[in-house]
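Single-structure report; data block below.
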Amino acid sequence: MELLMIILTIAVVIVVAYYILKSYNPIFVFFLSGIIVLIGVYFLMGTPIPKQNSGNIVLDAFSFITATFKQQLSGVGLIIMSVAGFAAYMKHINASAKLAFLANKPLGKIKNKYLVLSGVFVVGMALKIVISSFAGLLLLLLACIYPVLIALGIRPIIAVCTLSLIALDYGPKDGNSINMADMVGQPDNVIGLFLNYQIYTVLAYVVTIAVLIPFYFAWVDKRDRAKNLLCDKAEIPEIIDPKCPTYYILFPWMPVVFLFVAYFLSIKLDVVTANFIAITLVFIVEFIRKRDAKKLGEDMVVILRAMADIFVSVVSIIIAAGVFAEGIKALGGIGILADTVSNMGASAIVLTIATLSFIVYFATMIMGSGIAAFNAFGRLAPDIAKKLGIEPIILVLPIEIASCLGRSASPIAGGILALAGFAKIAPMEIIKRTTPLLLIGMVVNIVVAWSFTW
């Protein structure tokens with residue numbers, strides 16, 4: 001029976017992956033497969049659908065979806081939507097663009113062009129804590145920092161490769177981090193998880209890649225020039241200073257500052273409230289500057305539209321992947337494998353971390369989005385962690401980081417497509433050059449996660 005459960009689990013995962021690779025909508029695939037599996041497991045093994053007992057298995061399946069919607073929309077979904085709304089507003093008033101523009105100023109003082117690349121990488125990773133969208137941040141950097149790199153004689157391919165490495169999603173405002181906190185049963189402790197766990201992985205990745213970038217890209221440049229690959233002289237784009245006061249660069253930081261201050265003062269403040277307080281303060285400043293209440297109404301529409309868009313692109317996938325993950329858990333194969341691995345001793349932990357991380361890495365690379373892969377496997381991780389005798393965050397965090405690195409290794413990810421289009425090259429040209437550094441990032445990710453168990 002146990003062998004059958006394992007075979008069925010693997011078969012379901014393969015079928016779902018197949019249809020997602022065939023460009024079927026992942027939300028539809030996750031919902032449908034989740035319902036079929038939950039109902040099928042009931043008839044095959046008698047396993048009831050979690051927290052449902054209407055007496056009718058079909059009604060229970062759909063009631064479970066309803067319950068999942070309610071839970072996510074009132075929790076993680078609302079948080080992510082508020083973050084997206086605030087981010088869209090910062091973009092609308094040019095505050096985030098101004099921040100990115102001014103961030104490149106210190107880079108001009110660095111003489112060695114390969115050290116400039118390290119500086120760009122570090123600055124970009126620092127900005128990621130307030131500009132949480134991977135594609136959104138890359139577009140800002142393409143407008144503000146990419147022209148500086150080209151003017152310094154850096155080839156377009158090297159410039160966009162460096163930007164693609166600004167990969168990790170982290171911090172209290174990031175949707176992945178918020179989702180991760182919910183997975184490990186600590187939805188109100190995003191700051192604590194960041195300070196106690198996530199920051200160490202991020203710092204290890206930033207330091208490692210920043211040190212390697214000058215040596216690695218100097219070697220890539222030498223190799224490409226020897227083969228005459230992508231060595232044409234590039235046209236230097238115009239550097240545009242966004243139209244807004246300089247002090248607007250403070251606005252994107254406000255929710256993060258509020259959350260950290262509240263955490264250290266032991267004040268209860270959630271991410272949604274921090275975002276709405278920040279939006280209100282910016283509204284007041286905008287009204288004082290422009291004396292136009294009608295414009296504030298239009299700005300509100302920008303915020304609400306961004307919240308709606310993120311529901312379609314992110315929150316709905318989180319909900320659907322949650323239903324699918326519950327179906328996979330009900331099949332029991334993951335639990336059996338976890339029990340088997342847990343009996344292997346100390347090596348079981350690092351083996352499990354590495355296996356799940358690379359599964360998510362390659363799944364994300366194929367799908368172009370880390371959201372689906374992270375949610376499908378991340379929601380299984382806490383149960384596996386419990387069997388291994390470790391904290392859930394120790395297993396969920398490396399999976400979250402792997403989904404970010406896998407996204408940067410995907411030729412169909414939105415951010416990579418934007419970089420390739422801007423530099424007028426094929427996406428695979430970026431992937432071929434950055435994969436060695438991304439794999440090193442994966443090793444760093446796994447080692448840091450394993451170190452939490454020492």
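Listing for the model above:
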| item | result |
| --- | --- |
| Nearest-0.05 FRET efficiency for Leu73 and Glu298, computed from C-beta distance (R0 30 Å) | 0.70 |
| Gyration tensor verdict on region 1-61 (Cα atoms; rounded if a/c is under 1.5, prolate if a/b is larger than b/c, oblate otherwise) | oblate |
| Karplus (6.51, -1.76, 1.60) ³J(HN,Hα), θ = phi - 60°, over region 71-78, in Hz, Gly and Pro reported as x | 5, 6, 5, 8, x, 4, x, 5 |
| Apportionment of accessible area to carbon and sulfur, region 37-128, percent (1.4 Å) | 64 percent |
| Accessible area (Å², per residue) of region 1-130, counting only protein heavy atoms and a probe of 1.4 Å | 50 Å² |
| Using θ = phi - 60° and Karplus 6.51 cos²θ - 1.76 cosθ + 1.60, couplings along region 214-230 (whole Hz; Gly, Pro as x) | x, 6, 5, 6, 5, 5, 4, 4, 4, 5, 5, 5, 5, 9, 6, 9, 6 |
| Region 219-322 - percent of accessible surface contributed by carbon and sulfur, probe 1.4 Å | 66 percent |
| Dipole magnitude of region 161-306, debye to nearest 20 (Cβ charges: Lys/Arg +1, Asp/Glu -1, about Cα centre) | 260 debye |
| Chain lengthening between Leu59 and Leu351 when straightened (0.36 nm per residue, less Cα-Cα) | 101.2 nm |
| Residue (of Val130, Ala423, Gly389) at the positive-pole extreme of the chain, dipole from beta-carbon charges | Ala423 |
| Lysines whose Cα lies under 25 Å from that of Lys386, excluding same-chain neighbours fewer than 8 positions away | Lys51, Lys329 |
| Efficiency of FRET from Cβ geometry, Val207 and Thr246, R₀ 25 Å, rounded to 0.05 | 0.25 |
| Cβ-based charge dipole, region 98-202, positive-most Cα from Pro147, Met183, Ala103 | Pro147 |
| Cut-off under 5 Å, modelled amide H: who pairs with Val184 long-range | none |
| Contact order relative to length of the chain, as percent, for alpha carbon pairs under 8 angstrom and 6 or more apart | 24 percent |
| Relative contact order of region 99-258, defined on C-alpha pairs under 8 angstrom at six or more residues apart (%) | 31 percent |
| Under the Karplus curve 6.51 cos²θ - 1.76 cosθ + 1.60, θ = phi - 60°, whole-Hz ³J(HN,Hα) for region 375-387, x wherever Gly or Pro sits | 6, 5, 9, x, 6, 8, 4, x, 5, 5, 4, 4, 5 |
| About the Cα centre, charge dipole magnitude for the chain (Lys/Arg +1, Asp/Glu -1 at Cβ), debye | 1280 debye |
| Globularity index of region 139-275, i.e. its alpha-carbon radius of gyration over 2.2 N^0.38 Å | 1.38 |
| When each of Lys70/Lys243; Lys111/Lys222; Lys70/Lys295; Lys98/Lys227; Lys243/Lys424 is checked by Cα-Cα distance, pairs over 30 Å | Lys70/Lys243; Lys70/Lys295; Lys98/Lys227 |
| Extension gain from Ala262 to Ala135, taking 0.36 nm per residue of separation minus the Cα-Cα distance | 42.8 nm |
| Listed residue (Leu265, Leu296, Ile371) projecting farthest to the positive dipole end of region 257-401, Cβ model | Leu296 |
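The values are calculated or read from the model by the stated rules, or taken from the named source; none is laboratory data. All figures in this text were calculated on a predicted structure; none of them were measured in a lab. Note: ideal-geometry Cβ built from the backbone for every residue, glycine included; neighbour counts use all protein chains shown. Note: areas computed on protein heavy atoms with side chains; ligands, DNA, RNA excluded. Shrake-Rupley method; radii C 1.70, N 1.55, O 1.52, S 1.80 Å.
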